[in-house]
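**Q** Below: one structure in C-alpha cells.
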Amino acid sequence: MSDDLRFMTRAQADAADIDVGLREYMLRVYNYMASGVALTGIVSAFVSQSPQLMQAILGGPMKWVLFIGIIGLGFMAPRIMMTKSVAAAHSAYWVYAGLFGLWLAPIFLVYTDASIVRVFFITAASFAGLSLYGYVTKRNLSAMGSFMMMGAFGILIAIVVNIFLQSSALYMTISVLGVLIFAGLTAFYTQEVKQMYLESDGHDVTARKSIFGAFILYGAFVTMFIFLLSLFGNRE
C-alpha cells in the first residue's frame, strides 16, 4: 500500500472517529439541556401548588433574591464549569436550573396551562430548527453571535429600566427583540458548542464542556420561552 493511500485511509478513519465522538458529545449536551429544562418545569409546577411559596415569591423580596441569584450564577457558572471539577460543574448547572424553576413558578398563575404547553412546544420546535442550523451551517456565526450578545445585555438593561417605568409598549418591544436575539444566539451557541468539541482535550475537560454546552443552550431555550410566552400566552 502506498504512503498516500495509507495517509488517506488513516485520515478517513480519524474523521469517522471524530464524527462518532461529536455525535455522542452533542447527544450528551442535549440530554443535559433537556434534563435541566425538565427540572425547571418540575420545580415550577411543584412550587405553584404551594400558596405559601407563591406568596413568598410574589409578595416579598424573594423574587429579587432569585433574580439576582440567577443573574449572578449565570455569570459565575461558566468559570466554575470550565475550571473546577466535574461535580462542581454539575452542581452549578442543576442549581441554576432549579433557581429558574422557582423564579418561573408564578407563570402558572398568570397564564393558562394550555397556553404554557402550547408556547413550550413552539419554543421546542423553534429551538430544534435553529440549533440544527447552527450545527450544520458552514458559515461562521461569530460576528452575528457577538452582536446578539450585546443585544442580550441591552435587553437585560431594558428589563431593569422597565421595572420602574412599567411601560407596556417597552415590554412588548423587549419581548419581540428578546425572541429574535435569543433565536440568533441559539444557532450561534450550537456552533460554539460543536467547535469546543473539536479542540483536543482530555476526558475530564470534555465532560465539563458538555455541561457548559448544555448550560448555554438551556439559557437560550428558557429565555426564548419566556419572551414567546409574554407574546403568545393567554392570561388567566
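The values are calculated or read from the model by the stated rules, or taken from the named source; none is laboratory data. Quick caveat, the model's predicted, so the values are computed rather than measured. No Cβ is skipped: glycine too gets one built from the backbone with ideal geometry, and neighbour counts run over all protein chains shown.
**Q** Out of Val95, Val65, report the one residue that is farther than 22 Å from Ile211 by Cβ and without any contact (Cβ under 8 Å) to a residue 60 or more places away in the chain.
**A** Just a single option satisfies the conditions, and that option is Val65.
**Q** State all residues of segment 75-126 that are within 19 Å of the chain's Cα centre (by Cα) and among the polar types (S, T, N, Q); if no residue qualifies, say none.
**A** Of everything in segment 75-126, those that are within 19 Å of the chain's Cα centre (by Cα) and among the polar types (S, T, N, Q) turn out to be Ser91, Thr123, Ser126.
**Q** Look through Met172, Met144, Met224 and report the one residue that is at negative phi, surrounded by 17 or more Cβ atoms within 10 Å (Cβ to Cβ) and among the aliphatic types (A, V, I, L, M).
**A** One residue alone meets the criteria, Met224.
**Q** Given the structure, is Asp113 among the charged types (D, E, K, R) and at pLDDT 90 or above?
**A** It is true that Asp113 is among the charged types (D, E, K, R) and at pLDDT 90 or above.
For every residue, the table says whether it meets (1) surrounded by fewer than 16 Cβ atoms within 10 Å (Cβ to Cβ); (2) of a type in the set (Asp, Glu); (3) closer than 24 Å to Ala124 by Cα; (4) modelled with pLDDT of 90 or more.
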residue	(1), (2), (3), (4)
Gly59	yes, no, no, no
Met81	no, no, no, yes
Ala88	yes, no, no, yes
Tyr93	no, no, yes, yes
Gly101	no, no, yes, yes
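**Q** A follow-up question, please. Using the structure shown, decide if Gly129 is buried (at least 16 other Cβ atoms within 10 Å of the Cβ) and of a type outside the set (Lys, Arg).
**A** Criteria not met by Gly129.
**Q** Is it the case that segment 33-56 has a residue that's in contact with a Lys or Arg (Cβ under 8 Å, 6 or more places away or on another chain), hydrophobic (A, V, I, L, M, F, W, C), buried (at least 18 other Cβ atoms within 10 Å of the Cβ) and in a helix (DSSP H, G or I)?
**A** no
**Q** State whether the residues of segment 17-26 include one that is of a type in the set (Phe, Trp, Tyr), over 30 Å from Ile116 (Cβ atoms) and at pLDDT 50 or above.
**A** Scanning segment 17-26 turns up at least one residue that is of a type in the set (Phe, Trp, Tyr), over 30 Å from Ile116 (Cβ atoms) and at pLDDT 50 or above.
**Q** Exactly one of these conditions fails for Ile155: (1) crowded, with 17+ Cβ neighbours inside 10 Å; (2) in contact with a strand residue (DSSP E or B) (Cβ under 7 Å, 6 or more places away or on another chain). Give me its number.
**A** (2)
**Q** For segment 17-30, enumerate the residues that are within 19 Å of the chain's Cα centre (by Cα) and either touching a residue at least 40 places away in the same chain (Cβ under 8 Å) or more than 26 Å from Gln191 (Cα to Cα) (or both).
**A** Residues satisfying the conditions are Tyr25, Met26, Arg28, Val29, Tyr30.
**Q** Just checking, which of Ala143, Ala77, Ala89, Ala128 is under 24 Å from Glu199 (Cβ atoms) and without any contact (Cβ under 8 Å) to a residue 12 or more places away in the chain?
**A** Ala143
**Q** For the structure I just gave you, tell me whether Gly21 is loosely packed, with under 15 Cβ neighbours inside 10 Å and in contact with a helix residue (DSSP H, G or I) (Cβ under 8 Å, 6 or more places away or on another chain).
**A** Criteria met by Gly21.
**Q** Only one residue in Ala97, Ala124 is farther than 18 Å from Leu229 by Cα and at pLDDT 95 or above. Which one?
**A** Unique residue meeting the criteria: Ala97.
**Q** Restricting to segment 127-177, name every residue that is under 13 Å from Gln191 (Cα atoms), in contact with a helix residue (DSSP H, G or I) (Cβ under 7 Å, 6 or more places away or on another chain) and among the small types (Gly, Ala, Ser).
**A** Ser131, Gly134, Gly145
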